[in-house]
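Data first, discussion second: the structure below is written as C-alpha cells.
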Amino acid sequence: MTEQKLISELEQLVSEGRNPNTMHIDLLPTFDLLREINYEDQTVPIAVEKVIPAIAAAVNQIVAAFQKEGRLIYMGAGTSGRLGVLDASECPPTFSVPSNMVVGLIAGGPDALRSSIEGAEDDPEQGRRALEEINLTKVDVVVGIAVSGRTPYVIGGLNYAKSIGAFTVALSCNPNSIIAGIADLAISPVVGPEILTGSTRLKSGTAQKLILNMLTTASMIRIGKSYQNLMVDVSASNKKLVARAARIVMQATGCSQQEARRVLDLTGNDVKLAILMEITGMGIEEARVALQNADGFLRKAINAKST
C-alpha cells in the first residue's frame, strides 16, 4: 500500500482525527493538562455503554464455547495485542481456569509485549499462522482487537478463523471498519479523537480494556465462577490469596476466621467447596458430588440442598 493511500485511509478514521477540545494542551500547566485528560476519559464509559448489546452477544458466544470446551482467543498488535494478552493472563489466577482457556496472541510474538515491533502487524499471514500454531478449532471464539479496524495481522487471523467455522468478533473504535465487515459480530465503541492525535493507547485503549474486562468477567460468572459477587473459584497460590480465600469464606457464610481456616484446610483451600460445606453441613464427599450435579454452580448446589 502506498503512503498516499495509507494517509487517505487514516484520514477516514475517527480515532485518527484531531480533537478540537485539546488544540491548546501544549500551553497548559500540569494541573489543567491533567484535568483535560480526565475530562476526555470520562467519555469512554458512555461509549462502551452504547455497545453493551454487542458485548452481551459476544459473551453468550464465549459461554457457549466454554461449555463445549472451546477457547476464547484474543489477537491484536501493539497496545491492542498487549491488552488482550494481559486480560488472558489474568484469567487463570483469578478464576482458576486452565492457562489455555483464554489465549492472548500479539503480532511479533512475546517479544512484542516489552518492545515495540509495530511492523509485525503488517503481515496478514502472521495472523493466520498464529492461529494455526495454537490449533484453532471451530468451537473456539476469536476476538480481533484493532483500534483502527484495519490491522493486517488481525484481518488475516479473522479471515482464517472464519474459514474453519470459528465464531469471530471484531473489537474496534471505528464504526464500519474492515474487521467489522469480516467478523460475525462487531463491537465498535466510538470514543472520538484522542487528546493527542493518533495516540490510541489513551481513550481507545481504555475502551478496549473495559470491554475485555466485561467479556471475561461476565463469561466466567455465567459458567459458575462466582457466588453472589464473590470469586469463589479463586486459586490460593500465594499468601495474599490464601488470606483472600479465608475472607471470602467468612463473607459468604458469616463464620469466624478460625472456622474458615478449618474448613479450607479440609478442602485443600477449595473456596467453593468450603462454602458449600459450611452453609449446608455436608461432608466433603457429599459436597463434591453436589457441586458436580450443579455443574459447578455454588448457588444451585446450596439451593438443591435446601429444597
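The values are calculated or read from the model by the stated rules, or taken from the named source; none is laboratory data. Predicted model only: the values in this text are computed from it and were never measured. All Cβ positions, even for glycine, are placed from backbone atoms using ideal geometry, and neighbour counts span all protein chains on display.
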- Query: Of all residues in the stretch 46-86, how many are more than 18 Å from Gly149 (Cβ to Cβ) and in contact with a Lys or Arg (Cβ under 6 Å, 6 or more places away or on another chain)?
  - Reply: 1
- Query: Tell me, which residue of the stretch 2-39 that is more than 15 Å from Pro175 (Cα to Cα) and in contact with an Asp or Glu (Cβ under 8 Å, 6 or more places away or on another chain) is modelled with the lowest pLDDT?
  - Reply: Asn19
- Message: Looking only at residues that are crowded, with 19+ Cβ neighbours inside 10 Å and among the acidic types (Asp, Glu) in the stretch 255-307, which one is farthest from Ser226 (Cα to Cα)?
- Response: Glu278
- Item | Complete set of residues in the stretch 171-196 that are at pLDDT below 90, closer than 13 Å to Val51 by Cα and surrounded by fewer than 21 Cβ atoms within 10 Å (Cβ to Cβ) | Pro175
- Message: Looking at Pro53, Pro98, Pro45, Pro92, can you tell me which residue is in a helix (DSSP H, G or I) and either modelled with pLDDT under 95 or over 28 Å from Lys225 (Cα atoms) (or both)?
- Response: Pro92
- Query: If we scan the stretch 145-166, do we find a residue that is charged (D, E, K, R), under 21 Å from the mean Cα position of the chain (by Cα) and in a helix (DSSP H, G or I)?
  - Reply: yes
- Query: What are the residue pairs meeting all of these: first residue in the stretch 122-147, first residue assigned by TED's automatic domain parsing to the domain that holds Ile73, second residue aliphatic (A, V, I, L, M) and loosely packed, with under 14 Cβ neighbours inside 10 Å, Cβ atoms under 7 Å, and 6 or more apart or on different chains?
  - Reply: Leu136/Ile164; Lys138/Ile164
- Message: Looking at the structure I just gave you, is Tyr74 within 14 Å of Ile211 (Cα to Cα) and of a type in the set (Phe, Trp, Tyr)?
- Response: yes
- Any residue in the stretch 204-224 that's assigned by TED's automatic domain parsing to the domain that holds Tyr74 and closer than 14 Å to Val147 by Cα: show its pairings with residues that are assigned to a helix (DSSP H, G or I) and of a type outside the set (A, V, I, L, M, F, W, C) at Cβ separation under 6 Å, as long as the two are six or more apart or on different chains. Ser204/Ser15; Gly205/Thr79; Leu212/Asp87
- Which of the residues that make up the stretch 90-118 are loosely packed, with under 15 Cβ neighbours inside 10 Å and at positive phi? Gly109
- Query: For the subset of the stretch 119-167 comprising residues that are under 20 Å from Ser188 (Cα atoms) and among the basic types (Lys, Arg), which member is surrounded by the fewest Cβ atoms within 10 Å (Cβ to Cβ)?
  - Reply: Lys162
- Note on the structure: Exception for Asn60 within (1) surrounded by 15 or more Cβ atoms within 10 Å (Cβ to Cβ); (2) at pLDDT 95 or above; (3) polar (S, T, N, Q) falls at (1)
- So is Ser199 surrounded by fewer than 16 Cβ atoms within 10 Å (Cβ to Cβ), in a loop (DSSP other than H, G, I, E, B) and touching a residue at least 24 places away in the same chain (Cβ under 8 Å) or not? no
- Task: Could you look through the stretch 101-122, keep only residues that are touching a helix residue (DSSP H, G or I) at 6+ places or on another chain (Cβ under 6 Å) and not in a helix (DSSP H, G or I), and pick out the one that is farthest from Gly84 (Cα to Cα)?
- Result: Gly108
